[in-house]
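See structure below.
All of the numbers you see were taken from the coordinates with simple rules; none came from a lab. Keep in mind it's a predicted model, so treat the numbers as computed, not measured. Every residue, glycine among them, receives a Cβ derived from its backbone with ideal geometry; neighbour counts consider all protein chains shown.
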Amino acid sequence: MNSKERRERILKKLLVTKEPKKGQELGEEMGVTRQVIVKDIAILRAEGHNIIATPDGYIIASAQPNKVKRIIAVCHNAGQMEDELRTIVKYGATVEDVIVEHPLYGEMRGMLMIKTLKDVESFVERFYKDNAQPLSRLTDGVHMHTVVADSQEVIDNLLKELKEKGMLACD
């Protein structure tokens, strides 16, 4: 198969799956290296496809009609990260990303797509296993999340709890 056909197969595979697909996995299925898949994904993005790279692999961001999307500003230390994420998803909201405003580089964003308590556990496990540092370390704990929920009431409830925990950046 040529590169155009391979990119079409990658796109079809991402469109029909709900779960993220790792580049290594796609490469094995297509008979190419992960790096070839990374290049293919970059070309597909340049063509206008909304492909997101998450810690669990590539997904296509779908439109979410009738959902409420809000960027929330929070501030806490790395030890409170799990509590923050658990607080958000327990209300049924999705944490799409983490955003920091770096003084030199401007906005830096990491895609998370955390929807469930299992996603939180998996993310936190990888965080500690990889001895990672949160992006918010660059901004003294201040960061933002794009949060998507079924209603404004869900957003209001999770904001109330984050405020009670002293995690909102406006506190």
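Here are the numbers for this structure:
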{"item": "Reachable aspartates and glutamates, given that their alpha-carbon falls under 15 Å from the alpha-carbon of residue 22 and they are not under 8 places away in the same chain", "result": "40, 56"}
{"item": "Crossing angle, helix 3-16 versus the chain [Cα axis fit, 0-90 degrees, rounded to tens]", "result": "40 degrees"}
{"item": "Potential extension, residue 33-residue 131 segment - 0.36 nm per residue separation minus Cα distance", "result": "32.6 nm"}
{"item": "Net charge dipole size for segment 68-164 [Lys, Arg +1 and Asp, Glu -1 on Cβ; Debye, nearest 20]", "result": "120 debye"}
{"item": "Cross-link pairs beyond the 23 Å C-alpha cut-off, checked among 18/67; 18/118; 18/165; 67/115; 4/67", "result": "18/165; 4/67"}
{"item": "Nearest-ten-degree value, helix 152-164 long axis tilted from longest Cα axis of the chain", "result": "60 degrees"}
{"item": "Shape category assigned to segment 21-60 from the gyration tensor of Cα positions, a/c cut at 1.5", "result": "oblate"}
{"item": "Computed lengthening from residue 77 to residue 43, 0.36 nm per intervening residue step minus Cα-Cα distance", "result": "8.5 nm"}
{"item": "Largest-first principal axis extents of the Cα set of segment 90-171 (Å)", "result": "36, 29, 20"}
{"item": "Structure-based [θ]222 nm, the chain - -39500 (n - 2.57) summed over DSSP H runs of at least 4, per residue, nearest 500", "result": "-12500 deg cm²/dmol"}
{"item": "Percent of C-alpha pairs per 10 Å bin, the chain, short to long", "result": "9, 34, 32, 19, 5, 0"}
{"item": "Residues with amide H under 5 Å from that of residue 97, placed H, sequence gap 5 or more", "result": "112, 113, 146"}
{"item": "Kirkwood hydrodynamic radius of segment 1-87, Cα pairs, Å", "result": "15.0 Å"}
{"item": "Highest-first arrangement of 137-145, 118-126, where packing means the average Cβ count within 10 Å", "result": "137-145, 118-126"}
